[in-house]
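See structure below.
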Amino acid sequence: MSYLCQQLINGLQLGSVYALIALGYTMVYGIVRLINFAHGDIFMIGAYVGYFALNVYKIPLPFVFPLAMAICALLGMTIEKLAYKPLRNAPRINLLITAMGVSLFLEYFSSLKFIFGPNFLAYPRPFRVTNICLGGLMINSVTIFVFLIVFSLLLLLEIIVYRTKIGMAMRAVSYDKETSALMGINVDNIISFTFGLGSALAAVGGILYGIAYPQIHPFMGIMPGLKAFVAAVLGGIGIIKGAVVGALIMGVLEVLTSAYLSSTWRDAIAFSLLILFLIFKPTGIFGKEEMEKV
């Protein structure tokens, strides 16, 4: 029983990181109906910004997160302005292909020797890892750190989306862009802000992923990005709480599969779950046919 509980904790840790990525997918989809496949690569760039800040420039950890969030937010907004905005009224397939192109560009450009290089890098641990024994369960300081950071960011996101004017504008744009524009909302700015917000969350996810699973490389965003996309679909893409719940399910499922079956099965089961949901409940756990949310 304690082994199962231990795996559940490990799964929730992984799912928490997925949640930060899935939120970017779901917010962007809620606003512009775009599946931004480049989002996983922004997660990768966030991890690298954290690596250089901690390992090369020796920046204290409390300043590393705001730095990575600012850089990735700027990158996300730049990508939106240059690659997606000109195609906003084009067929969705154009946007989808563009997103895949941006993703490939970021991966291969980042792997050039004068950027990040193609090699794996060992991620620095910014604090000493200690284990805490609670009733037979072993929880280390990294797990607690990940939970605290993710919970704080989810709370902050909740406040931004549901307690601020810009959050209200985001929800209005997600329902109806044309009417929102008539009501005086600057739709372009709201879309840019949403890309920036989602990218900033992905940056934190990248740093936490590097600290928890201390190895990074330029293609590290592919699989976590796809898993986070599956999580967003599971919960109901476009719905914030759905992305979080779907990500936690994905994390737990992946860890339990590795623990009780084989690690080679975890990806197959994750994507099988996606297929099953698309067949039997394409709107996800919280989705409804008529509702459209941020």
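The values are calculated or read from the model by the stated rules, or taken from the named source; none is laboratory data. Note that the structure is a prediction, hence the values are computed from the model and not measured. Neighbour counts run over all protein chains shown; Cβ positions are idealised from the backbone, glycine included. Accessible surface areas use protein heavy atoms only, side chains included; no ligands, DNA or RNA. Shrake-Rupley method; radii C 1.70, N 1.55, O 1.52, S 1.80 Å.
Among Tyr162, Tyr84, Tyr48, which one shows the highest mean-square fluctuation when the chain is modelled as a Gaussian network with alpha-carbon springs under 10 Å? Maximum fluctuation in the GNM of the chain, among the listed residues, is at Tyr162.
Between the Cα long axis of helix 39-51 and the first principal axis of the chain there is an angle of about 50°, rounded to the nearest 10. Once both axes come from the Cα atoms, what is the angle between helix 187-212 and the longest principal axis of the chain, in degrees from 0 to 90, rounded to 10? So the helix axis and the longest Cα principal axis differ by about 10 degrees. Loop-located trypsin sites (Lys or Arg not before Pro) across segment 48-96 with a Cβ neighbour count of 12 or fewer within 10 Å are Lys58, with loop assigned by DSSP.
Averaging sequence separations of C-alpha pairs under 8 Å and six or more residues apart, then dividing by the length of segment 66-212, give the relative contact order as a whole percent.
Values: 95 pairs, mean separation 58.2, N = 147.
Taking the mean separation of contacting Cα pairs over the length of segment 66-212, I get 40 percent.
If I take all pairs of Cα atoms in segment 82-191, what percentage of them are more than 25 Å from each other? So the portion of pairs separated by more than 25 Å is 59 percent.
Name the longest site-free stretch of the chain, where the excluded sites are GluC sites (Glu not before Pro) in a DSSP loop with no more than 16 other beta-carbon atoms within 10 Å. Of all site-free stretches, the longest is 1-288.
For Cα pairs less than 8 Å apart in space and 6+ apart in sequence, what is the mean separation divided by the residue count of the chain, i.e. the relative contact order in percent? It would help to have the intermediate numbers written out before the result.
On the way: 480 pairs, mean separation 110.6, N = 294.
Relative contact order for the chain comes out at 38 percent.
The angle between the Cα long axis of helix 240-260 and the longest principal axis of the Cα atoms of the chain comes to about 30 degrees, rounded to the nearest 10. Taking Thr78, Thr164, Thr283 in turn, the Gaussian network model of the chain (Cα-Cα springs below 10 Å) assigns the largest fluctuation to Thr164. Across segment 21-33, coupling constants 3J(HN,Hα) worked out from phi with the 6.51/-1.76/1.60 Karplus curve, θ = phi - 60°, read 6, 4, 4, x, 4, 6, 5, 5, 5, x, 8, 10, 6 Hz, and Gly and Pro carry x.
Charged side chains reduced to their Cβ positions (Lys and Arg at +1, Asp and Glu at -1) give segment 2-111 a dipole of some 280 debye around its Cα centre. Normalised by 2.2 N^0.38 Å, where N is the number of residues, the alpha-carbon radius of gyration of segment 12-168 equals 1.19.
Considering only Ala70, Ala38, Ala22, the Gaussian network model of the chain with Cα springs below 10 Å gives its largest mean-square fluctuation to Ala70. Measure up Lys113/Lys241; Lys165/Lys241; Lys58/Lys227; Lys85/Lys165; Lys177/Lys281; Lys165/Lys227 against 30 Å on the Cα-Cα distance and list the ones that go over. Violating the 30 Å Cα-Cα cut-off are Lys113/Lys241; Lys58/Lys227; Lys165/Lys227.
Roughly how many percent of the accessible protein surface of the chain is carbon and sulfur, given a 1.4 Å probe and a whole-percent answer?
On the way: 9590 of 13970 Å².
Looking at the chain in its full context, I get 69 percent from C and S.
When the alpha carbon coordinates of segment 1-87 are projected onto the principal axes, the ranges are 54, 36, 16 Å, largest first. Mean silhouette area of segment 194-294, derived from the convex hull of its C-alpha atoms and averaged over all directions, reads 7.1 nm². Here mean projected area of the Cα convex hull in nm² was computed from the coordinates, and among [x] 28.3; [y] 16.0; [z] 23.4 the match is [y]. The mean accessible area for residues of segment 136-188, using a 1.4 Å probe and ignoring ligands and nucleic acids, is 60 Å² per residue. Short to long, the 10 Å bins of the Cα pair-distance histogram for segment 135-198 hold 20, 36, 20, 14, 8, 2 percent of all pairs.
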